[in-house]
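The values are calculated or read from the model by the stated rules, or taken from the named source; none is laboratory data. If you're wondering where the values come from, they're calculated on a predicted model, not measured in any experiment. Here the Cβ positions follow ideal geometry from the backbone for every residue, glycine too, while neighbour counts run over all protein chains shown. For the accessible areas, the whole protein counts, side chains as well, though only heavy atoms, and no ligand, DNA or RNA atoms are used. Shrake-Rupley method; radii C 1.70, N 1.55, O 1.52, S 1.80 Å.
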Amino acid sequence: MAAPAIKLYCSWFCPFAQRTWIALLHKNVPFQYVEVDPYAKPPELMAANPRGLVPALQTGGRNVYESIVTLEYLEDAFPDKKAHLLPTDAVDRATARIWGDYCQKTIIPIFYRMLQKREEAEREEARQDMLEHLRVITKAMGDMSAEGPFFMGKEFGFVDIILSPWVERFYILKHFRGFQVPGSVSDKDSEFYRFHNWWQAVRAVPAFCNTLCDREKLLATYQRYADDVATSKVAEAIRRGRALP
């Protein structure tokens, strides 16, 4: 049997790479999973992405990288697949990109700020910022589709994939920083009910479930962020107050 036409260079602990992994599985695109250590910068990873970061896709001797770019590439390259990451309507597609960008620029950097900041006042500021932006996201979900269950309605897609790897890691914030989203899926009066309903639905998606790793093992890898000794480009950007790479 011929090898799959696509190689995914991935790291089991990386939420950015998890996005691409989820998308490949959800669209049922054949691929070869290649586990790499992005801290070691192995030659095969550098050949796929000169920045030495995951995820990276290789196909037909060409490379595609940056997690959100890979999602758009997979939707463009495999439009005939039954599962679609983006809606067919042009305005809806733009709306998905707007909210994907919002999550990328708010939830993700705040996640790392809450973990890395050393002063309790800074951590508390990050907790409040996280809740503020989750309120915005929860309202957007409800405005687009009160029933959901996914971000934009009945179909799991682009924004769900962008956001879900970090929501999966909220247990890390609870462990190290005591953060959790108020309410629950059984509390319909909670301001975050639509968010919890969304999360319950995401956790039932096979493509998402099949990318999960052992929580204790993952928790141990995030200890270095909680101690603010992580050496990743993300950690360095947070220390310097810069945009994520």
**OP:** Could you state how much accessible area T88 has, in square angstrom rounded to the nearest 10, with a 1.4 Å probe and all protein chains kept in place?
**Re:** 130
**OP:** Subtract the Cα-Cα distance of A77 and E124 from 0.36 nm times their separation in residues, and report this length gain in nm to one decimal.
**Re:** 12.6 nm
Original post:
Considering every pair of different Cα atoms, what Kirkwood radius, in Å, is found for region 1-129?
Top reply: 16.3
Subject >> Sum of -39500 (n - 2.57) over DSSP H runs of 4+, divided by residues of the chain (222 nm, nearest 500) >> reply: -16000 deg cm²/dmol
Original post:
For labels at V229 and V136 in the simple 7 Å Cα→Cβ model, what's the distance in nm?
Top reply: 3.5
Subject >> Convex hull per residue volume in Å³, alpha carbons only, for region 167-245 >> reply: 132
Subject >> Paramagnetic reach from D89 in region 142-158 [backbone N under 14 Å; point 7 Å along Cα→Cβ] >> reply: 143-146, 152-155
Subject >> Ratio Rg/Rh [Cα only; Rh per Kirkwood] for the chain >> reply: 0.95
Original post:
Hey, got a sec? Which trypsin sites (Lys or Arg not before Pro) in region 57-150 land in a DSSP loop and have at most 15 other Cβ atoms within 10 Å?
Top reply: K81, K82, R118
Original post:
Can you give the Kirkwood hydrodynamic radius for region 73-123, in Å, rounded to one decimal and based on Cα pairs?
Top reply: 13.5
Subject >> Equivalent ellipsoid, region 18-58 (semi-axes from 5 times Cα gyration tensor eigenvalues, Å) >> reply: 21, 9, 8
Subject >> Above-threshold pairs, the threshold being 22 Å between Cα atoms, out of K7/K81; K41/K105; K82/K105 >> reply: K41/K105; K82/K105
**OP:** Might you report the magnitude of the Cβ-based charge dipole of the chain about its Cα centre, with Lys and Arg at +1 and Asp and Glu at -1, to the nearest 20 debye?
**Re:** 420
**OP:** Normalise the Debye intensity by I(0) for region 26-84, one equal point scatterer per Cα, no solvent, then take log10 at q = 0.21 Å⁻¹ and round to two decimals.
**Re:** -0.84
Original post:
Fully extended, how many nm does the chain gain between R62 and A220 (0.36 nm per residue separation, minus their Cα-Cα distance)?
Top reply: 53.4 nm
**OP:** Quick one: grab Rg to one decimal and Dmax as a whole number for region 50-191, Cα atoms only, in Å.
**Re:** 17.1, 53
